[in-house]
Amino acid sequence: MRLCGYLYSLAGAYSSFFDACPVLSTEDDTVRRSRLRLCELTARVLEDGLGVLGLPTVERM
């Protein structure tokens, strides 16, 4: 399925981003806010995509 592949790739890209780029500990407020926004939007896309597939999501891991 194309959607499954997309969500898997997105999760992998996000994981790489999160490992390489500190989000909350970044001193620059503008960078911190943009990274938090990216986290929020990625979570929304993953949640929506998994919902389409009928898969539940967890609030926190």
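In this structure, G5 does not satisfy being surrounded by fewer than 10 Cβ atoms within 10 Å (Cβ to Cβ) and either outside any helix (DSSP H, G or I) or at pLDDT below 95 (or both). Please determine whether any residue of segment 16-37 is surrounded by 11 or more Cβ atoms within 10 Å (Cβ to Cβ), touching a helix residue (DSSP H, G or I) at 6+ places or on another chain (Cβ under 9 Å) and touching a residue at least 24 places away in the same chain (Cβ under 8 Å). No, the conditions are met nowhere in segment 16-37. Here A13 meets each of (1) at negative phi; (2) assigned to a loop (DSSP other than H, G, I, E, B) with one exception, condition (2). On the stretch given as segment 35-61, residues that are under 13 Å from the mean Cα position of the chain (by Cα), part of a helix (DSSP H, G or I) and of a type outside the set (A, V, I, L, M, F, W, C) total 8.
The values are calculated or read from the model by the stated rules, or taken from the named source; none is laboratory data. Please read these numbers as outputs of a predicted model, since none were measured by experiment. Reconstructed Cβ throughout: ideal geometry from the backbone, glycine too, with neighbour counts over all protein chains shown.
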